[in-house]
Amino acid sequence: MRLTAAFLLTTVAFAATPTLSTEQRRLNIESFEHIWKTVRDKHWDPKLGGLDWQAVHDELLPRVEAARTMDEAREVERTMLERLHQTHFGIIPNDAYDPGNSDKSESVQGETGIHLRILSGHAIVWDVDGESAAHEVGVLKGWEIVRIDKTDIPQLIARLENAGTHSRLSELLTSRAIRNRLDGPAGSEVSVEFSDIAGKQMSRKIFRRAESGEMTQFGFLPPMAVRFESRKLQGGEEYIRFNIFLKPDMIVPRFGEAIRDCGHCQGVIIDLRGNPGGIGAMAMGMAGFLISQPDQKLGTMYMRTLPIRFVIFPRPEVYSGPVAILVDGFTASTSEIFAGGLQDLKRARIFGERTAGAALPSQIERLPNGDGFQYAMANYISESGLQLEGHGVTPDVVVPLDRKALAEGRDAVVEAALKWFQASK
Amino acid sequence: MKSIVCAIIFLLPAAAAELKTGDAVLDHFVEATGGTAAYGKMHNTVMKGTMTMAAMGVKGAVTIYAAEPNKVSMVTEIAGVGKIVEGSDGTNGWTYSAMQGPQLKKGEELNESLREALFHKETQWKSIYASAELQGTEDFDGKAAYKVVMTPKSGKPESNYYDKESGLMVHHKSIRSTPFGEIPVDVTIGGYRKDCGVLLPHSMTQTVAGQKIDLEIDSIQCNVDLPADAFAPPAEVKALMAK
């Protein structure tokens with residue numbers, strides 16, 4: 001009987017960690033070597049900051065050879081990339097490229113419409129999309145997310161923060177880990193417990209809906225939803241927000257129209273809070289609606305072999321009034337290039353919190369095993385000589401996240417920008 | 001014995017005469033691809049193909065219009081990115097894309113654009129280049145190629161490589177002036193097929209800033225009725241010109 005139990009446990013263990021086929025192992029090793037060689041040959045710093053890259057290879061190769069699952073192989077690859085201590089190096093699992101058959105609602109990615117931020121170890125509802133599932137069940141800004149299904153969120157945050165560096169980037173990664181628990185297949189249900197600012201507990205069952213916005217796929221980035229909004233504020237100021245720098249044939253013309261709509265309005269607010277970046281060249285093209293002087297640049301990216309200037313091409317019609325750019329710790333990459341560049345050129349005033357400091361130009365390739373591999377191939381230096389990676393853009397006017405203001409339905413960052421417009425009259 | 005030697009000599013492929021000057025290499029290229037008269041019968045072309053950046057997973061449809069004496073327009077359409085237009089009407093050079101907006105070329109970049117626009121470059125190269133100097137031979141893909149350094153009347157020298165055996169141009173190297181900086185460009189040329197009475201390349205692989213861009217031309221038509229606006233700058237470029 002004891003023998004049977006031991007056999008059963010062995011079977012369970014095998015079922016939990018299915019072995020890879022010989023071909024899959026070969027492809028994983030080939031992928032590992034491809035990643036290692038790409039960093040060796042294409043990283044802008046041939047010395048990799050003094051890191052012994054060969055030693056990293058020799059240490060980790062046996063581990064990828066011994067990997068029994070795709071997840072284990074990916075973990076080894078990620079471990080190798082983490083030794084660089086830089087952003088924009090990562091592995092995208094193969095299944096991210098296959099969102100499934102759109103006829104099957106359960107295979108379409110769904111969301112609740114909740115956007116969150118981390119404030120003193122608590123996950124706070126920062127925004128709720130209008131017409132979203134969360135909006136319909138009455139989720140309000142300023143609420144704390146206490147539990148998602150069976151996961152205790154403050155405990156999760158504490159665990160992740162203990163493992164991390166307490167940097168702005170770790171906040172971003174923590175919020176993504178929570179967001180991953182909120183998101184799931186469209187049509188599926190998630191139970192979320194909240195606490196309002198007075199400490200009153202409440203729970204909501206939210207049926208996730210397919211992501212709103214226009215789906216797009218650029219290169220080897222996984223499919224993503226792109227959203228753009230622009231509206232006039234009460235004083236006639238233009239407010240522009242978009243969730244990502246992708247789909248330039250949609251975002252750039254709409255951005256241009258919004259700027260033109262503004263005409264001689266009192267100010268333009270470009271809200272890049274939560275915007276993770278995207279296609280770097282879009283920053284140059286969009287800055288052209290705001291800069292009339294030729295031969296200006298946002299900064300320079302330094303590849304191993306040559307520098308590439310991020311030049312702004314002025315549009316035929318350029319808005320010359322005040323521009324406020326709103327940022328936070330979740331503003332990253334191309335968003336930082338755009339905000340930091342216009343700040344350096346004294347063309348925009350930056351409001352909010354320091355950005356993520358994750359601004360290395362990168363590209364994504366497919367690996368032999370089908371996974372995506374993102375790698376930074378250049379460093380980026382802003383026009384004022386600042387390396388954005390690890391530093392981010394420091395706002396001209398720092399406005400910390402204020403839960404009380406959120407709960408009151410106020411946006412303290414927008415208010416600060418409007419106040420500046422008034423003062424600049 | 002003498003007759004056997006003669007027979008062997010006749011059986012051996014005739015070795016191409018060694019060319020001594022850049023002019024001779026370029027003349028040989030024109031002859032190898034169809035001759036001056038055949039080029040003279042072409043008045044315009046429409047090329048259609050596909051641009052691929054395989055490493056990044058980016059692909060786009062390309063249409064290139066070109067016409068005598070010096071007009072060219074290349075339209076690349078990439079899903080999710082939109083149209084990217086690059087052109088010249090013989091006087092101006094421009095690029096336009098939704099992503100980066102309109103740009104009027106100037107200085108050396110404009111000169112390069114105007115050189116590119118010359119329709120009969122192969123036979124009229126002396127109108128844009130001051131010299132073509134043969135700088136020996138180099139191995140290219142395991143085959144010997146003449147290296148000819150072409151010095152423009154204005155601008156940086158460019159290197160062209162011509163296969164010694166076939167006379168066809170197989171490689172090009174130059175440093176392009178762009179607003180983003182000076183960027184080395186390396187182009188491998190091949191897939192020659194006869195269109196409009198001339199051997200034209202259908203395959204080009206450009207390496208720019210470490211990125212490989214493949215251009216495969218599927219069809220080339222010549223002497224066709226071109227769209228009326230084939231060489232008209234986009235509206236935003238026109239607006240810049242009017243400023």
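The values are calculated or read from the model by the stated rules, or taken from the named source; none is laboratory data. Here the structure is a predicted model, which is why all the values come from computation and not from measurement. So basically every Cβ, Gly included, is an ideal-geometry build from the backbone, and we count neighbours across all protein chains shown. In case anyone asks, the SASA skips ligands and DNA or RNA and just uses the protein heavy atoms, side chains included. Shrake-Rupley method; radii C 1.70, N 1.55, O 1.52, S 1.80 Å.
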- Query: Looking at A:Gly299, A:Gly274, which is the one that is open to solvent by less than 50 Å² (accessible area, probe 1.4 Å) and away from chain B (no Cβ under 14 Å)?
  - Reply: A:Gly274
- Task: Select from the stretch A:185-234 the residues that are in a strand (DSSP E or B), of a type in the set (A, V, I, L, M, F, W, C) and open to solvent by 50 Å² or more (accessible area, probe 1.4 Å) and list them in ascending order.
- Result: A:Phe207, A:Ala210, A:Met215, A:Met224
- Message: When you scan the stretch B:93-107, do you find a residue that is in contact with a strand residue (DSSP E or B) (Cβ under 8 Å, 6 or more places away or on another chain), surrounded by fewer than 19 Cβ atoms within 10 Å (Cβ to Cβ) and at positive phi, even just one?
- Response: yes
- Just for the stretch A:396-422: of the residues that are among the β-branched types (Val, Ile, Thr) and closer than 17 Å to A:Ile240 by Cβ, which one is surrounded by the most Cβ atoms within 10 Å (Cβ to Cβ)? A:Val413
- Note on the structure: With the first residue restricted to the stretch A:232-250 and required to be more than 11 Å from A:Glu214 (Cβ to Cβ), and the second required to be among the β-branched types (Val, Ile, Thr) and open to solvent by 10 Å² or more (accessible area, probe 1.4 Å), Cβ contacts under 6 Å at 6 or more apart or on different chains are A:Phe245/A:Ile279
- Task: Return the residue satisfying two criteria in turn: it lies in the stretch B:166-183 and is at pLDDT 95 or above and over 15 Å from the mean Cα position of the chain (by Cα), and of such residues it is nearest to B:Thr95 (Cα to Cα).
- Result: B:Gly167
- Does the stretch B:81-88 include one or more residues that are within 18 Å of the chain's Cα centre (by Cα), away from chain A (no Cβ under 14 Å) and open to solvent by less than 50 Å² (accessible area, probe 1.4 Å)? yes
- So which residues in the stretch B:16-72 are in a loop (DSSP other than H, G, I, E, B), aliphatic (A, V, I, L, M) and closer than 15 Å to B:Ala117 by Cα, if there are any at all? B:Met42
- Collect the residues in the stretch A:30-68 that are open to solvent by 50 Å² or more (accessible area, probe 1.4 Å) and of a type in the set (A, V, I, L, M), keeping them in residue-number order. A:Leu51, A:Ala66
- Scope the stretch A:178-221; condition among the acidic types (Asp, Glu), at pLDDT 90 or above and under 17 Å from the mean Cα position of the chain (by Cα); matching residues: A:Asp183
- Mind listing just one residue for me: the one in the stretch B:94-111 that is under 17 Å from the mean Cα position of the chain (by Cα) and farther than 24 Å from B:Val58 by Cβ and, of those, farthest from the other protein chains (Cβ to nearest Cβ)? B:Asn111
- Query: Is the stretch A:282-292 home to any residue that is within 12 Å of another protein chain (Cβ to nearest Cβ), more than 25 Å from A:Arg227 (Cβ to Cβ) and of a type in the set (S, T, N, Q)?
  - Reply: yes
- Task: Kindly check whether there is at least one residue in the stretch A:364-387 that is in contact (Cβ under 8 Å) with a residue 24 or more places away in the chain, at positive phi, surrounded by 21 or more Cβ atoms within 10 Å (Cβ to Cβ) and not in a helix (DSSP H, G or I).
- Result: no
- Those residues of the stretch A:235-265 that are open to solvent by less than 40 Å² (accessible area, probe 1.4 Å) and among the basic types (Lys, Arg) come to a total of 1
- Item | Residue check for B:Thr63: surrounded by fewer than 19 Cβ atoms within 10 Å (Cβ to Cβ) and in contact with a strand residue (DSSP E or B) (Cβ under 6 Å, 6 or more places away or on another chain) | yes
- Task: Would you please name the residue that is nearest to the other protein chains (Cβ to nearest Cβ), looking only at residues in the stretch B:172-212 that are over 20 Å from B:Asn160 (Cα atoms) and in a strand (DSSP E or B)?
- Result: B:Gly181
- Message: Any residue that is more than 24 Å from B:Tyr96 (Cβ to Cβ) and either surrounded by 15 or more Cβ atoms within 10 Å (Cβ to Cβ) or within 14 Å of another protein chain (Cβ to nearest Cβ) (or both) - is there at least one of those in the stretch B:213-221?
- Response: yes
- Taking A:Gly256, is it in contact (Cβ under 8 Å) with a residue 40 or more places away in the chain and facing another protein chain (nearest Cβ under 9 Å)? yes
